[in-house]
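Student: One structure is given below, represented as structure tokens, and several questions about it will come after.
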Amino acid sequence: MITIAVALSIILLLVTLYLLFRIQILASIFKGSYRRDVGKSNKVNAVLLLVFFFVMGGLFIWSFMDAKEDMILPNASVHGIDIDQMFWLTMAVIGIVFVITHILLFVYSYKYQHQDGKRAYFYPHNNKIEIIWTVIPAVVMALLVFSGWKTWAKITSPAPQDAVVVEIMGKQFNWLTRYPGADNKLGVVKHTLITAENEFGIDLTDQNSADDFPGEPSAFHVPKGTPVLLKIRSRDVIHSVFLPHFRVKMDAVPGMPTSFWFIPTKTTAEMQTETGNPDFQYELACTEVCGRGHFAMKTILVVDEPEEYKKWVEAQSKKTFATTLQGGGSDSAAVAVNSEAGAASLATKQ
């Protein structure tokens, strides 16, 4: 009841204020001062609009220049150059339009303020003006769309044959990674084989699975200057792979594998030097809300020099899925030996 009473009181107050405002207008009309008051009010509002334009315009320019370096993160991939060029081109186009339209908005508001004896000119139609303001935006938009399509087609083209393959699988709420062995082919996976131990659902009867090995639990590695093909999938709900420094973003969809390839241009150590942050790490984050733990669903990507990456592969490839899942029996030992030889071959290839 108290809530209803308060709500009714507020409504009554608003109605009262509105009626008082209407009474004041009617009184000024009867006194003959209404038009004079309107003229003064418009003059004040016109001046205030100009003040607002210059003050807020100055703040807008200052905030843009101050935040310019932080709008996008440092780029660390080859195709990221094209993405950044598209970003700044789009910013330039919409920035120019924004500035021009707002200058006209505020200047016209001041210039065409209320004046006694002056009436608005009725100007209902002009084919030439309508063609201009329709064709120009259409052409600019078409050019931007074509530029974006061309860049996207280039980015999503088939990966080079010698690309380093890394499978990334998302699940609530972490990322798992898998690397192929010397054959550079990932083994078959089946959702019916997924267990607490076999999180990927790897089919060990497939010979291509024999030398597959996992990335580190909290990080995965790729080499600098080499094409990297990410094979992306999800085990439960929709996730999204986002590597902002590499301008990589691709959804991980259950039952629909996706992929994205890129060429890293800066190692983790080089980016630490560039940013002046010795603790810097490339982060892979999930950018699709996937549940309560979404905020913490991330992992680290380490970009190594080619020689360092070879050493990492040689060490990590000894821990094959076959060895781990089969419990280290005689067959597993044979697989492990083959995997070590294959890893050396793969490292040499990289």
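Student: Looking at the chain, what % of its DSSP beta bridges pair antiparallel, to the nearest 5?
Tutor: If I count the DSSP bridges inside the chain, around 70 percent turn out antiparallel.
Student: Please list 42-54, 69-81 highest first by mean number of surrounding beta-carbon atoms within 10 Å per residue.
Tutor: For the peptides 42-54, 69-81, the packing ranking is 69-81, 42-54.
Student: Pull out the extension gain between Glu274 and Met71, defined as 0.36 nm times the separation in residues minus the alpha carbon to alpha carbon distance; nm, one decimal.
Tutor: Once the chain is fully extended between Glu274 and Met71, it gains 71.4 nm.
Student: Answer with one residue from Ala159, Ala142, Asn184: the one whose Cα lies farthest towards the positive end of the charge dipole of region 93-225, charges on Cβ with Lys, Arg +1 and Asp, Glu -1.
Tutor: So the residue we want is Ala142.
Student: Which of the pairs Lys150/Lys298; Lys154/Lys310; Lys154/Lys249; Lys40/Lys118 have their Cα atoms more than 21 Å apart in this structure?
Tutor: Lys150/Lys298; Lys154/Lys310
Student: Let me know the shape class of region 164-349, please: from the alpha-carbon gyration tensor, a ≥ b ≥ c as square roots of the eigenvalues, rounded when a/c is under 1.5, otherwise prolate if a/b is greater than b/c, or oblate.
Tutor: Oblate is the answer for region 164-349, as a/c is 1.5 or above yet b/c matches or exceeds a/b.
Student: Could you work out how far apart the two model spin labels at Val135 and Ile2 are, taking each label as a point 7 Å from the Cα in the direction of the beta carbon, and quote it in nm?
Tutor: 6.8
Student: Calculated from DSSP H runs of 4 or more alone, at -39500 (n - 2.57) each and per residue, what is the 222 nm mean residue ellipticity of the chain, nearest 500?
Tutor: Taking each H run of at least 4 residues, the total per residue is -17000 deg cm²/dmol.
Student: Report the gain in length on full extension from Leu49 to Leu12: 0.36 nm times residue separation, minus Cα-Cα distance, nm rounded to one decimal.
Tutor: 10.1 nm
Student: Are there any helices in the chain, counted as whole DSSP H runs, that stretch 24 Å or more along their axis by Cα and score at least 1.6 on average by Kyte-Doolittle, and if so which?
Tutor: The qualifying helices are 2-31.
Student: Just order 231-240, 201-210 by mean Cβ neighbour count inside 10 Å, highest at the front, would you?
Tutor: 231-240, 201-210
Student: Once the dipole of region 164-349 is set up with Lys and Arg at +1 and Asp and Glu at -1 on Cβ about the Cα centre, which of Leu193, Thr287, Leu204 lies farthest towards its positive end?
Tutor: About the Cα centre, the residue reaching furthest to the positive side is Thr287.
Student: Still on this structure, please answer the following. Order the peptides 108-120, 85-97 from the highest to the lowest mean number of other Cβ atoms within 10 Å of their residues.
Tutor: Descending mean neighbour count gives 85-97, 108-120.
Student: So, one more: Between Leu105 and Ser259, what FRET efficiency comes out of the Förster formula 1/(1 + (r/R0)^6) with R0 = 35 Å and r the beta carbon distance, rounded to 0.05?
Tutor: About 0.15, to the nearest 0.05.
Student: Restricting to region 164-349, what percent of DSSP beta bridges are antiparallel, rounded to 5?
Tutor: Antiparallel bridges make up about 65 percent of those DSSP assigns within region 164-349.
Student: Mind sorting out which of [x] 1.19; [y] 0.99; [z] 1.55 is the real Cα Rg over 2.2 N^0.38 Å computed from the coordinates?
Tutor: The listed entry that was calculated here is [z].
Here, each number is a calculation from the coordinates, and none is a lab measurement. No experiment lies behind these values; they were computed from the predicted model shown. Reconstructed Cβ throughout: ideal geometry from the backbone, glycine too, with neighbour counts over all protein chains shown.
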